């Protein structure tokens, strides 16, 4: 099943919405667990950290999905615009969404939208060059070089002449003329 048409960044935004509207007692800044680092320090991992990490990973998949050849650009781009607009409206209009975590999630949706524009512009430049008949390095046929006309191997060396030509011309060595009992020259 293809994920074309589903905005992946909707997932961390939906989780944030569920937490804000359905679980008002849950804090995004409270540590869920601590992770020991090799330096000996303890890193407290919060729900906010998990949401931002999930958002960054899904942004990566969203960009990969948009960069595929033959991707449904218009659908994906329009849906990412809707997700960005809704997330920005929630950030600006609802007081419980005015946090740094939600702001960074909104920035991720903006990056998704702008990367779609950049990918489309890049894809459009390559397609325009193909329409104009310009060659690209990838898949272009190699140029064909024809050899210059010049002396052939048979005319360059008289000792390598064909039998019909040999009777018409004399070989420069005396006593080695064709038909005088000497062996034929090697071919």
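Quick one: order 30, 90, 62 by neighbouring beta-carbon count within 10 Å, fewest to most.
30, 90, 62
Distance between Cα centroids, the range 74-94 to the range 2-71: provide it in whole Å.
Each part's Cα centre sits 17 Å from the other's.
Work out how much length residue 34 to residue 74 would gain on full extension: take 0.36 nm times their residue separation and subtract the Cα-Cα distance, in nm to one decimal.
Gain on extension, residue 34 to residue 74, equals 10.1 nm.
According to a simple spin-label model (label point 7 Å from Cα along Cα-to-Cβ), what is the distance in nm between residue 46 and residue 81?
Taking the two extended label points, one gets 3.5 nm.
How big is the range 20-86 in terms of Cα radius of gyration and Dmax, in angstroms?
17.4, 49
If Rh is defined by the Kirkwood formula over all Cα pairs and Rg also comes from Cα, what ratio Rg/Rh do you get for the range 10-131?
We get a ratio of 1.09 for the range 10-131.
Across all directions of projection, what mean area in square nanometres is found for the Cα convex hull of the range 55-95?
Here the figure is 3.2 nm², rounded to one decimal.
Under a plain spin-label model, where a point goes 7 Å from the Cα along Cα-to-Cβ, how far apart in nm are residue 27 and residue 94?
Roughly 2.2 nm, to one decimal.
Bear in mind these aren't lab numbers, they're just calculated from the coordinates by the rules spelled out. Owing to the predicted nature of the structure, the values given are computational and were not obtained by experimental measurement. Note that we place each Cβ from the backbone using ideal geometry, even for glycine, and neighbour counts take in every protein chain shown.
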